[in-house]
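K.L.:
Shown below is the structure under consideration.
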Amino acid sequence: MKELNWSNLISTNEKLKKFFCLLFLRTFDWHITILLFMVLSSVSQADSSVLEDRSYRFDAGGVGSTVENGAVALTQADLYTPDRGYGWIESPDDDFVRNDLDRSRDAFTIDGVRGERISFRADLPAGDWWVTFWIEAGTEDSSTISLSISDRPQQLGWQAFRPPAEPRNSIQDVFRLYHNRATFGENGFEFRLEGGHDQVRLLGFTMTPDTKPIGTHHLSLLRQISKAGTYGSHVPLDSLLMDLERSLTINPDDAFIVYWREQVRLLALAEKYLNMMGWEWVTRETGLSIFGRFHQAVMILDGLLNRTDRKAYPLYERALWYRGKLLYWLAKERGGRNEISGGHRDLVELYGRFPDNSLLAMYTGKQIDEADACDKLSGAPGAPAWSVAQREALCRLRHIAHWWVNERQAESGEFGGKLGDDVELLRWWTSIIMAGDTTALEGWRRLADCVWNSPKVYRGYAKYASDVEHASEFIADTAPCMAVYDDDPLYTDRLRYSLDYFESLWTGLTSSGNRFFRSAWFSSTEIGSEPPKNRDLGYNTRAAKAVRYLAWKTGDEKAKRLLHEWSKAWVGAAARTDKGKPAGIIPASVRFPDEAINGDEPTWYSANMFWQYYDWIWHAGSMMMDQLLFTYTLTGDEELLTPIYAALDLVRDYEDDYSSPYDQKITSPGSPAWAAAVLKKNKGFWSVVSQWRLLTRDDRYDDLLLAFGTPYTSYRLSGEEQHLLDGLDTLFQSVRYNVPLLTSEVLHTDRVDVRGADLLKAMLTGDGIPESMSPYYAVSWEETDETFTALVTDTGRDRLGVRIFSHAPDHREIIIRLWQTEQGTYRLISRTDEGTIEEKKIEMTERGQRVSLFLPGQKLLRLKLERRND
């Protein structure tokens with residue numbers, strides 16, 4: 001591409017004038033002079049016409065800045081004059097350089113000019129042109145920039161994104177793209193950009209004549225482009241781009257090829273960012289986060305798709321598919337009505353073109369059941385219904401988890417969704433690992449080791465201070481359970497770092513002598529103490545998860561003492577009635593160090609700490625109740641259970657009130673009736689209450705548990721297996737259908753939406769707490785196979801009941817690990833319907849002790865463990 005240079009034309013004409021004057025003075029022959037003038041003028045005009053029909057590329061920036069090869073440098077000082085033929089009518093205020101983005105930007109997009117209002121003119125010939133603008137996204141997620149061309153306002157068609165939870169303090173790392181056809185009149189090309197609520201930061205722009213394909217070569221290229229642009233096309237864009245580049249070496253001024261090279265290059269860049277997913281090496285290489293890459297891809301695709309002839313655009317389907325997919329996953333990850341509606345719009349339109357495509361059917365909300373091995377499980381004769389259902393559930397979870405380990409997991413241990421999200425994928429793997437699955441265990445181990453050695457983690461916790469939900473997940477979602485799965489002291493020792501931070505950095509004593517977290521924003525080295533971050537809240541229990549597992553696995557006395565001190569402080573906070581809080585109910589947050597309930601907020605329930613899930617309505621105090629219940633198992637301090645009783649009493653007081661907590665016309669937010677309505681619907685709360693019931697055998701609230709509790713607890717209380725079957729249906733609804741949306745299509749690994757796995761874990765281990773936040777496991781299993789199923793029917797520190805059924809015809813030896821059983825002498829009895837097949841004496845000496853079991857084939861085995869008093 002040659003740069004636009006009106007000054008060359010002007011200087012050429014000046015030379016011609018001088019030549020004609022000298023010719024006349026020397027020859028005094030007007031005929032010769034006029035003849036030569038006409039010939040040379042026609043040549044000059046021909047050259048001017050060719051030049052003006054080419055593509056022009058303006059690279060905005062400062063004086064001396066890097067300019068893309070072949071582009072016209074455009075600085076703040078380049079004002080329009082008729083002699084120049086182009087320039088600013090309203091010049092920018094200054095220029096800028098994005099040196100922080102040198103890994104993701106090129107010479108054209110690394111710098112630009114900015115101002116509140118910018119306008120420009122170029123004396124191009126009348127006709128139809130394609131114009132493209134590269135503009136920084138700036139500080140806005142919903143852009144207020146306006147663009148007019150030749151005094152006609154343009155519809156930018158830019159995707160609006162949900163703003164970040166925490167306020168943005170710098171401009172974004174991405175740019176917007178506008179591309180469309182424009183008709184220029186006699187006055188040439190003129191545009192005006194206005195910033196709205198932000199500045200305009202213009203990187204550059206191009207103008208290309210709207211030329212049609214001429215000749216067989218153009219038509220051949222257009223066929224290749226059209227083939228590449230269809231939905232599902234596997235034509236490599238890089239190869240197509242190379243063909244276009246080769247064509248330009250023959251004719252660099254071919255506007256048709258110049259135009260399509262730019263289109264394919266932009267689509268290839270969007271595709272590249274999409275395919276980069278969330279791998280950590282990509283973030284280091286590009287300097288862009290996963291959200292930066294995905295937002296950038298969407299913004300590029302906006303420019304390609306929001307054109308007046310979009311449905312006839314040869315690259316339309318491929319671009320539409322990429323944008324729809326990106327917005328679908330961004331909506332699942334962050335919500336946002338604009339992302340939801342935008343993704344739905346694109347995918348529905350594409351599905352309308354391909355109504356028989358099963359993948360598009362999935363993306364548009366249809367349930368598609370694709371055939372797999374789990375459909376063909378043959379039930380063993382006499383297998384209990386719970387066992388048949390559990391076997392299918394385990395098969396489907398293994399199928400998904402094994403895909404991630406065998407097909408997606410990198411040698412580094414990553415799953416490709418960024419580490420902070422990869423670890424959340426593990427939250428439902430506990431059920432299959434505790435059932436003895438070694439493939440999932442090896443995948444977990446590789447990711448846990450990857451996280452531990454990651455630059456994002458320093459000495460056992462997040463290196464950089466951020467909100468606890470995100471900072472804690474690196475360790476909380478990987479390290480504690482590894483101390484259960486693996487006896488290597490390495491994994492237990494990793495938990496001790498959190499204990500040190502808990503004691504000396506994260507928590508402190510108030511003037512009243514109570515131990516609270518100093519903040520909900522912290523790392524392994526620092527605390528964020530500016531309001532509203534300087535408060536303790538339920539989510540801090542996730543940072544303390546490693547401490548709970550350490551205390552449980554090793555009996556560490558310091559860990560137990562510190563957890564007890566923290567728990568007692570929260571019991572005291574729950575007892576207060578500040579800001580209308582019902583007595584005994586755990587508040588949303590407690591400020592450090594003055595212990596003010598919810599700091600300066602006017603209510604006790606709305607934390608207003610940037611992230612919505614810190615508000616009480618999301619977890620109803622259940623995360624802290626779990627901390628209290630677990631600490632009770634360590635200390636026997638029954639005072640720690642008073643908030644659980646208070647919450648249950650509140651539910652009982654309003655048991656017959658069926659108001660919705662979201663209907664403020666019926667229940668006033670913060671009132672006892674409102675709090676009871678929230679508690680009744682909160683699954684986390686009932687999971688903790690269920691675990692409390694199984695641990696204590698206290699039957700005072702059994703009526704409430706049967707009405708609102710978990711399916712597993714309803715089974716334990718009633719003995720009716722139908723509760724289990726009904727509960728597993730939730731799991732089946734999420735794993736029987738649309739499996740690609742749980743595996744190969746996933747962009748955000750924390751959105752592998754497997755619901756109901758907690759029930760499966762409870763059946764297998766006796767522990768139904770979500771995310772295994774605290775260890776209540778009664779048992780786990782090793783050396784099993786894919787025909788193994790188990791149902792824990794009774795638990796306690798001195799007893800255990802389990803039903804086991806193997807769908808294999810042959811017997812085998814398996815291992816049961818006893819986690820909840822106290823030290824002492826026990827008798828283990830194994831029976832089938834035919835009688836006792838094994839009875840043995842067991843000396844319990846350690847937590848997690850292994851016991852070998854004989855498992856007959858295709859027979860229901862009833863296992864009973866009881867303390868011997870002789």
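K.L.:
Considering only helices (runs of 4 or more DSSP H) fully contained in region 331-424, which possess at least 3 residues that are in contact with a helix residue (DSSP H, G or I) (Cβ under 9 Å, 6 or more places away or on another chain) and of a type in the set (D, E, K, R)? Can you show your working first?
P.N.:
Values: elements: 337-353, 358-363, 385-403, 419-422.
Hits in region 331-424: 337-353, 385-403.
K.L.:
Let me spell it out: the conditions are (1) surrounded by fewer than 18 Cβ atoms within 10 Å (Cβ to Cβ); (2) in contact (Cβ under 8 Å) with a residue 40 or more places away in the chain, and residue 577 meets all of them except one. Which number is the exception?
P.N.:
Unmet condition: (2).
K.L.:
Among 145, 110, which is at pLDDT 95 or above, closer than 24 Å to residue 305 by Cβ and either within 36 Å of the chain's Cα centre (by Cα) or not polar (S, T, N, Q) (or both)? Outline the logic, then answer.
P.N.:
Details: 110 fails: closer than 24 Å to residue 305 by Cβ.
Being at pLDDT 95 or above, closer than 24 Å to residue 305 by Cβ and either within 36 Å of the chain's Cα centre (by Cα) or not polar (S, T, N, Q) (or both) holds for just one of 145, 110, which is 145.
K.L.:
Which residues, counting only those in region 507-543, are closer than 23 Å to residue 606 by Cα and among the hydrophobic types (A, V, I, L, M, F, W, C)?
P.N.:
516, 517, 520, 521, 522, 527, 537, 543
K.L.:
Considering only residues that are more than 30 Å from residue 327 (Cα to Cα) and not acidic (Asp, Glu), look in region 363-377 and name the one that is least open to solvent (accessible area, probe 1.4 Å). Spell out the reasoning first.
P.N.:
Filtering region 363-377 down to residues more than 30 Å from residue 327 (Cα to Cα) leaves 373-377.
Remaining after also requiring not acidic (Asp, Glu): 373-374, 376-377.
Values: 373: 75, 374: 11, 376: 162, 377: 65 Å².
Only one residue fits best here, namely 374.
K.L.:
While we're looking at this one, here's another question. Which pairs have Cβ atoms under 9 Å, sit 6 or more apart or on different chains, and link a residue in region 248-264 that is touching a residue at least 24 places away in the same chain (Cβ under 8 Å) to one that is part of a helix (DSSP H, G or I) and of a type in the set (Ser, Thr, Tyr)?
P.N.:
Between residues of region 248-264 that are touching a residue at least 24 places away in the same chain (Cβ under 8 Å) and residues that are part of a helix (DSSP H, G or I) and of a type in the set (Ser, Thr, Tyr), the close pairs are 257/247.
K.L.:
If the requirement is being touching a Lys or Arg at 6+ places or on another chain (Cβ under 9 Å) and crowded, with 20+ Cβ neighbours inside 10 Å, which of these qualifies: 710, 730?
P.N.:
Working: 730 fails: crowded, with 20+ Cβ neighbours inside 10 Å.
Just a single option satisfies the conditions, and that option is 710.
K.L.:
Separate question: Return the only residue of 764, 759 being of a type outside the set (Asp, Glu), part of a helix (DSSP H, G or I) and open to solvent by 10 Å² or more (accessible area, probe 1.4 Å).
P.N.:
Working: 764 fails: open to solvent by 10 Å² or more (accessible area, probe 1.4 Å).
Within the list 764, 759, the selection yields 759.
K.L.:
Before we move on, is residue 288 buried (at least 17 other Cβ atoms within 10 Å of the Cβ) and within 29 Å of residue 102 (Cα to Cα)?
P.N.:
yes
K.L.:
OK, next. Could you tell me whether region 738-752 includes any residue that is open to solvent by less than 20 Å² (accessible area, probe 1.4 Å) and within 18 Å of residue 683 (Cβ to Cβ)?
P.N.:
No; the residues of region 738-752 include none that is open to solvent by less than 20 Å² (accessible area, probe 1.4 Å) and within 18 Å of residue 683 (Cβ to Cβ).
K.L.:
Output the strands (runs of 3 or more DSSP E) that fall wholly within region 87-186 and possess 3 or more residues being crowded, with 17+ Cβ neighbours inside 10 Å, β-branched (Val, Ile, Thr) and touching a residue at least 24 places away in the same chain (Cβ under 8 Å), or say none. Talk me through it step by step, then tell me what you get.
P.N.:
Working: elements: 94-97, 111-115, 117-122, 127-136, 146-149, 175-184.
Per the criteria, 127-136.
K.L.:
Going by the conditions given, is residue 647 touching a residue at least 12 places away in the same chain (Cβ under 8 Å), out of contact with any helix residue (DSSP H, G or I) (no Cβ under 8 Å at 6 or more places or on another chain) and crowded, with 17+ Cβ neighbours inside 10 Å? Quick ask: steps written out before the conclusion?
P.N.:
Values: touching a residue at least 12 places away in the same chain (Cβ under 8 Å): yes; out of contact with any helix residue (DSSP H, G or I) (no Cβ under 8 Å at 6 or more places or on another chain): no; crowded, with 17+ Cβ neighbours inside 10 Å: yes.
The answer is no for residue 647.
K.L.:
From the residues in region 265-280 that are touching an Asp or Glu at 6+ places or on another chain (Cβ under 9 Å), more than 27 Å from residue 180 (Cα to Cα) and in contact (Cβ under 8 Å) with a residue 24 or more places away in the chain, which one is surrounded by the most Cβ atoms within 10 Å (Cβ to Cβ)?
P.N.:
For region 265-280, the residue satisfying everything is 278.
K.L.:
Just checking, how many residues over region 850-870 are part of a strand (DSSP E or B) and touching a residue at least 40 places away in the same chain (Cβ under 8 Å)? Talk me through it step by step, then tell me what you get.
P.N.:
Residues of region 850-870 part of a strand (DSSP E or B): 850-855, 860-867.
Narrowing the set further to residues that are touching a residue at least 40 places away in the same chain (Cβ under 8 Å) leaves 850, 853-855, 860-867.
Adding up the residues that qualify gives 12.
Conditions (1) charged (D, E, K, R); (2) closer than 20 Å to residue 170 by Cα, marked per residue:
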{"position": "68", "(1), (2)": "yes, no"}
{"position": "79", "(1), (2)": "no, no"}
{"position": "85", "(1), (2)": "no, no"}
{"position": "116", "(1), (2)": "yes, yes"}
{"position": "121", "(1), (2)": "yes, no"}
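K.L.:
Right, something else. Considering only region 804-819, I want to know if a residue exists there that is out of contact with any Lys or Arg (no Cβ under 6 Å at 6 or more places or on another chain), acidic (Asp, Glu) and closer than 18 Å to residue 721 by Cα.
P.N.:
no
K.L.:
Show me the helices (runs of 4 or more DSSP H) entirely contained within region 555-655 in which 3 or more residues are under 25 Å from residue 534 (Cβ atoms), at pLDDT 95 or above and among the hydrophobic types (A, V, I, L, M, F, W, C). Break it down into steps so the answer makes sense when it comes.
P.N.:
Values: elements: 557-575, 616-619, 622-635, 642-653.
Because the criterion is at least 3 residues that are under 25 Å from residue 534 (Cβ atoms), at pLDDT 95 or above and among the hydrophobic types (A, V, I, L, M, F, W, C), the helices (runs of 4 or more DSSP H) in region 555-655 that meet it are 557-575, 616-619, 622-635.
K.L.:
Restricting to region 480-517, what's the tally of residues that are of a type in the set (Gly, Ala, Ser), in contact with a helix residue (DSSP H, G or I) (Cβ under 8 Å, 6 or more places away or on another chain) and open to solvent by 10 Å² or more (accessible area, probe 1.4 Å)? Steps first, answer last, please.
P.N.:
We begin by selecting, within region 480-517, every residue of a type in the set (Gly, Ala, Ser); these are 483, 498, 504, 508, 511-513.
Then keep just the ones that are in contact with a helix residue (DSSP H, G or I) (Cβ under 8 Å, 6 or more places away or on another chain); that gives 483, 498.
From what's left, open to solvent by 10 Å² or more (accessible area, probe 1.4 Å): none.
Total meeting the criteria: 0.
K.L.:
Pairs only if they're at least six apart or on different chains, beta carbon under 9 angstrom, first in region 367-383 and at positive phi, second polar (S, T, N, Q) and open to solvent by less than 90 Å² (accessible area, probe 1.4 Å); list them, first residue then second.
P.N.:
382/858
K.L.:
Kindly check whether there is at least one residue in region 227-250 that is open to solvent by less than 20 Å² (accessible area, probe 1.4 Å) and in contact with a Ser or Thr (Cβ under 8 Å, 6 or more places away or on another chain). Lay out the reasoning, then the answer.
P.N.:
Of region 227-250, the ones open to solvent by less than 20 Å² (accessible area, probe 1.4 Å) are 228-229, 237, 240, 244, 247-248.
When the remaining residues are screened for being in contact with a Ser or Thr (Cβ under 8 Å, 6 or more places away or on another chain), the result is none.
No: region 227-250 contains no residue that is open to solvent by less than 20 Å² (accessible area, probe 1.4 Å) and in contact with a Ser or Thr (Cβ under 8 Å, 6 or more places away or on another chain).
K.L.:
Okay, moving on. If you check 716, 700, 693, which single one turns out to be modelled with pLDDT of 95 or more, open to solvent by 10 Å² or more (accessible area, probe 1.4 Å) and not in a helix (DSSP H, G or I)? Please lay out each step first, then the result.
P.N.:
Values: 716 fails: not in a helix (DSSP H, G or I); 693 fails: not in a helix (DSSP H, G or I).
Step by step, each of 716, 700, 693 is checked, and only 700 is modelled with pLDDT of 95 or more, open to solvent by 10 Å² or more (accessible area, probe 1.4 Å) and not in a helix (DSSP H, G or I).
K.L.:
Among the candidates 380, 389, 393, single out the residue that is in contact with a His (Cβ under 6 Å, 6 or more places away or on another chain) and open to solvent by less than 60 Å² (accessible area, probe 1.4 Å).
P.N.:
Working: 389 fails: in contact with a His (Cβ under 6 Å, 6 or more places away or on another chain); 393 fails: in contact with a His (Cβ under 6 Å, 6 or more places away or on another chain).
On inspection, the qualifying residue turns out to be 380.
The values are calculated or read from the model by the stated rules, or taken from the named source; none is laboratory data. Given the structure is predicted, the values throughout are model-derived calculations rather than measurements. Here the Cβ is made from the backbone with ideal geometry for all residues, glycine too, and neighbour counts use every protein chain on show. These area figures cover heavy atoms from the full protein model, side chains too; ligands, DNA and RNA do not enter into them. Shrake-Rupley method; radii C 1.70, N 1.55, O 1.52, S 1.80 Å.
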